[in-house]
Amino acid sequence: MSASVSNDLVLVQRRGAVLRLTMNRACARNALSSAMMSALQKTFDAAADDDSRAIVLAAEGSAFCAGHDLKEMTALRGEPDRGRAAFAATFAQCSKLMQTVVRHPKPVIAQVQGIATAAGCQLVTSCDLAVASPAARFATPGVNIGLFCSTPMVALSRNVSRKHAMEMLLTGETISAEYARNIGLVNRVVPAASLEDETIQLAQQIASKPHATVKIGKEAFYRQLEMPLSDAYDYASRVMTENMLHAESAEGICAFLEKREPKWPD
């Protein structure tokens, strides 16, 4: 494993084809301050063009991410417009980050060891997959402090059923990792001692798949979700046609028919 530090807020490690990004603001429960969001944005942007094949998003400390930095946001109320412009900029910055994760050309897996609340829960649900330890907890508790989790709602409502999403949003209650798995918020719950290893193993499994095919598939998955059924099938059919013409498809199908391991083109 090679390691480097991109900045003080996000640590970057390489494990073969897997890039592991670790939020490093444990003293503030990895809250999404403007600086933290900027650091994550720059790191994800850089990762789009490197030679990694999958990304793991993890966090230092007992919390995965406690959401927006409320102390930072409260200080903005002293501005002449009571913080309106700064609040708008903060939520726009956060929305851009979440969309970057969803639209990233590489699969992103959240490794959740502790609480993920509000925008922290939004970050988990924006990732393509999530692996959690039994100690992980999830909530969209904004309703309890007079600030409905409207932007986290966008990601949450696209991952779990409407009834489950509304229950979390309206009650603000914290749910367990196992309950989160049952409603589809996370994929797996694994022992805390093996959380990192099992998340990396999952990422390595995905990283071993043909690169262009995974990129094509991830983009198509999210695009078709927003389409009416007929449009989704038309779009997916066009995607599969282009995919069939790709060298990876030609090699993969040939290897399958010849009963051998494929040799993926780089």
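The values are calculated or read from the model by the stated rules, or taken from the named source; none is laboratory data. Quick caveat: nothing in here was measured; it's all calculated off a predicted structure. With ideal geometry, Cβ positions are generated from the backbone for all residues, glycine too; neighbour counts draw on all protein chains shown.
For the subset of the range 90-123 comprising residues that are among the β-branched types (Val, Ile, Thr) and assigned to a helix (DSSP H, G or I), which member is nearest to Arg29 (Cα to Cα)?
Taking the candidates together, the pick is Thr90.
Taking the range 207-253 as the search range and keeping residues that are more than 24 Å from the chain's Cα centre (by Cα) and either assigned by TED's automatic domain parsing to the domain that holds Ala17 or in a loop (DSSP other than H, G, I, E, B) (or both), which one is modelled with the highest pLDDT?
Checked the range 207-253; the qualifying residue modelled with the highest pLDDT is Pro228.
Pull up the range 18-57, narrow it to residues that are among the basic types (Lys, Arg) and over 16 Å from the mean Cα position of the chain (by Cα), then point me to the one that is surrounded by the most Cβ atoms within 10 Å (Cβ to Cβ).
Arg25
Within the set of pairs 6+ apart or on separate chains, which have a first residue in the range 73-102 that is outside the structural domain of Lys215 (by TED's automatic domain parsing), a second that is exposed (fewer than 12 other Cβ atoms within 10 Å of the Cβ) and polar (S, T, N, Q), and C-beta atoms under 9 Å apart?
Correct list of pairs: Gly83/Thr74; Phe91/Ser150.
With respect to Lys263, determine if the residue is outside the structural domain of Leu21 (by TED's automatic domain parsing), assigned to a helix (DSSP H, G or I) and basic (Lys, Arg).
No, not satisfied.
Determine if the range 65-72 includes at least one residue that is small (Gly, Ala, Ser) and over 30 Å from Pro210 (Cβ atoms).
Yes, there is a match, as at least one residue in the range 65-72 is small (Gly, Ala, Ser) and over 30 Å from Pro210 (Cβ atoms).
If I filter the range 124-139 for residues that are basic (Lys, Arg), in the same structural domain as Asp49 (by TED's automatic domain parsing) and either without any contact (Cβ under 8 Å) to a residue 60 or more places away in the chain or touching a strand residue (DSSP E or B) at 6+ places or on another chain (Cβ under 8 Å) (or both), do I get at least one hit?
yes
For the range 68-89, name all the residues that are closer than 23 Å to Ser126 by Cα and either under 19 Å from the mean Cα position of the chain (by Cα) or in a loop (DSSP other than H, G, I, E, B) (or both).
Within the range 68-89, His68, Asp69 qualify.
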